[in-house]
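Each value in this text was obtained by applying a stated rule to the coordinates, not by laboratory testing. Bear in mind that the values here come from a model prediction, so they are computed numbers and not experimental data. All Cβ positions, even for glycine, are placed from backbone atoms using ideal geometry, and neighbour counts span all protein chains on display.
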Amino acid sequence: MGESYHFPLAVVDGLRLEKAVRDALKPGAIVRDDEGRARRLPRYFYEIPSWDDAMRLKLTPDFALWEFIQTDVREAEALRAFPRYVPCAVTLLAPSLQRFREAVGSFVHIAANGGYRSPSHGVSGNASPHAWATAVNIYRIGDTFLDDREAIERYAAMARAVLPGVWTRPFGWGRGLTDDHLHLDFGYVVSIPRDAPADPAGVDPEVAVAC
Amino acid sequence: MPELIEQSVALDPTYSEAADRLRARLQKLERDSGARALGVAVYDTASGFSFRYNAERWFHAASTIKLAILLGVYSAIHRGWVLPHSRLHVRNRFMSAVSGAPFRVAADRDANAQVHAAIGKMLRISELARHMIATSSNLATNLLLDLVGLDTVQQSLAEFSIEGVDIRRGVEDERAFEHGINNRVTAAGLVDLLHVIADRCAFSRELSDQMLELLHAQEFRSGIPARLPAAVRVAHKTGEISTVAHDAGVVYPPDRKPYVIAVLTEWSPEGSGRSATIAEISHSVYELLAQVNDGG
């Protein structure tokens, strides 16, 4: 048996973080999607000690962690300082995006606020998959800005061709549509790594935080 | 006290004669320049002298509305909602004041390409404010207004009792324009706004100084500063669309306290000589204040 790879970020239980952070991350809380269906937010997060760590940590050959955690002033204040937290599913998203990047053959730029953003972020809507770290917004691929039907639909089709099960937001100008970027997501995937801390009470964490 | 000073200045024959000469000069300019209308307001912080010419007339604000948005942004900074170095996602998608329909700022109608090049990335609030003022970036303007909200800007104007600035929407909102929903200003309103900043009373001395620094970085200098001596510094904001050309700012002569001036002009779309007219008025005001300062 070979030596096991040690992922450099610690897994933390969001329910054990300090209150201000916990309130912003809402670990394990129930939120509703646009159709009113209940969706449970992630409970386990990777702890990112510093921006330097996020810059250094390559999740794939072409994507580093920092690209998935850029958020602006509308992010909850408690989440703007390090250590920062990202749902563990980010390590599943990155290889998918790497596959997409190889298919398009050019740089794929994840937008600010377009990777992980917390459920408390000012632009997070109902049960946005961005709060699961399973979605990305892409404004630009190579030198092409994805701001018209042709570009958005062309790259959405390429994504669907290489990423089974990926959802691409349809082009359009109304609610639930996109007209100025490509949105890819894998839905409400929750990742609990094997070294995630145990729940000391033995209580189903999802029951414990249901609201 | 300022009111008493103004009254005493108004009664001073040196000032009233100078004001009469300036009024006659503006009437002639209004006739000869081809402008549909001129509005001018001046407030001299050194003497308390105040001059008004059609100063209560409403004009389409064009980019002078960015002065009000600047005040709103610094109100948000003052209240701790944002910091100057806070980062904001650059996205070119806004909601019209009419029906909430989405619209964009066309890159080829914007004087500043740097903000458009940052779409998808983040810029600091201070960088966006500088682009909004110094190069009149429409994209930066709408991003900042979107962040702080129309209410914040309106409340900031109300906080300082500025009545001659009426903000209803962002810029480049064609649908709102077609429905007659426009931002409006009077010369008196812009002078009131700039007077608050020039007196360093806009929230704090430090924040007022930061706003003045941005206004000093103005890159469009064919209006108020164009015919003033090189040693005179001007912190100002221009505004121009097809039918109006404006400039409003704080003028700092080297040897005296500053004065505040707003020159608003309205034209037919084919009208020419706009900047020259503003520069001429600015020069006339400078000369007037220099003369009365020297004893007439």
ask   = Volume per residue, Å³, of the convex hull around the alpha-carbon atoms of the stretch A:83-144?
value = 97 Å³
query = Which log10 I(q)/I(0) values, to two decimals, does chain B give at q = 0.13 Å⁻¹ under the Debye formula with one point per Cα?
reply = -0.87
query = Using modelled amide H (1.01 Å from N, peptide plane; none on Pro or chain starts), what sits under 5 Å from the amide H of A:THR178, excluding residues fewer than 5 places away?
reply = A:PHE171, A:GLY172
query = Rule-of-thumb check for the stretch B:127-261: C-alpha Rg over 2.2 N^0.38 Å?
reply = 1.05
inquiry  = I want to check the label-to-label distance for B:ARG109 and B:SER204. Put each point 7 Å from Cα in the C-beta direction and report it in nm to one decimal.
reply    = 3.8 nm
request  = Calculate the dipole size of the protein assembly as shown relative to its Cα centre from +1 charges on Lys and Arg beta carbons and -1 charges on Asp and Glu beta carbons; express the result in debye to the nearest 20.
outcome  = 720 debye
message = Which three extents, in angstrom, do the Cα atoms of the protein assembly as shown have along their principal axes, listed largest first?
response = 99, 46, 40
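So if I take the alpha carbon set of the stretch B:61-181, get Rg, then get Rh from the Kirkwood formula, what is the Rg over Rh ratio?
0.94
Based on the Cβ-Cβ distance from B:ASP151 to B:ASP32, what FRET efficiency comes out when R0 is 25 Å, to the nearest 0.05? All intermediate terms of the calculation are to be shown ahead of the outcome.
Working: r = 43 Å, r/R0 = 1.73.
About 0.05, to the nearest 0.05.
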remark   = Subtracting the Cα-Cα distance of A:SER50 and A:LEU92 from 0.36 nm times their residue separation yields 13.0 nm
task = Starting from the Cα of B:ALA276, step 7 Å along the direction of its Cβ; do the same at B:ARG168; then give the gap between the two resulting points in nm.
result = 3.4 nm
ask   = If we count other beta carbons within 10 Å of each Cβ, what is the order of A:LEU57, A:LEU17, fewest first?
value = A:LEU57, A:LEU17
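If you rank B:HIS60, A:HIS181 by fewest surrounding Cβ atoms within 10 Å, what's the result?
Ranked by crowding around the Cβ, least crowded first: B:HIS60, A:HIS181.
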ask   = Taking square-rooted eigenvalues a ≥ b ≥ c of the alpha carbon gyration tensor, is the stretch B:122-182 rounded, prolate or oblate, where a/c under 1.5 means rounded and, failing that, a/b exceeding b/c means prolate?
value = oblate
ask   = How far apart, in nm, are two points set 7 Å out from the Cα along the Cα-to-Cβ line at B:THR243 and at B:THR14?
value = 4.3 nm
request  = Can you tell me the FRET efficiency between A:TRP173 and B:ILE181 if r is taken as the Cβ-Cβ distance and R0 is 25 Å, rounded to the nearest 0.05?
outcome  = 0.80
key: Rg in Å to one decimal, and Dmax rounded to a whole Å, for the stretch B:42-116 via C-alpha atoms   = 17.7, 49
request  = Return the FRET efficiency for the residue pair A:PHE82, A:ARG194: r is the Cβ-Cβ distance, R0 is 25 Å, and the value is rounded to the nearest 0.05.
outcome  = 0.50
ask   = For chain A, what value does the Rg/Rh ratio take when both radii are computed over Cα atoms and Rh is the Kirkwood radius, given to two decimals?
value = 0.96
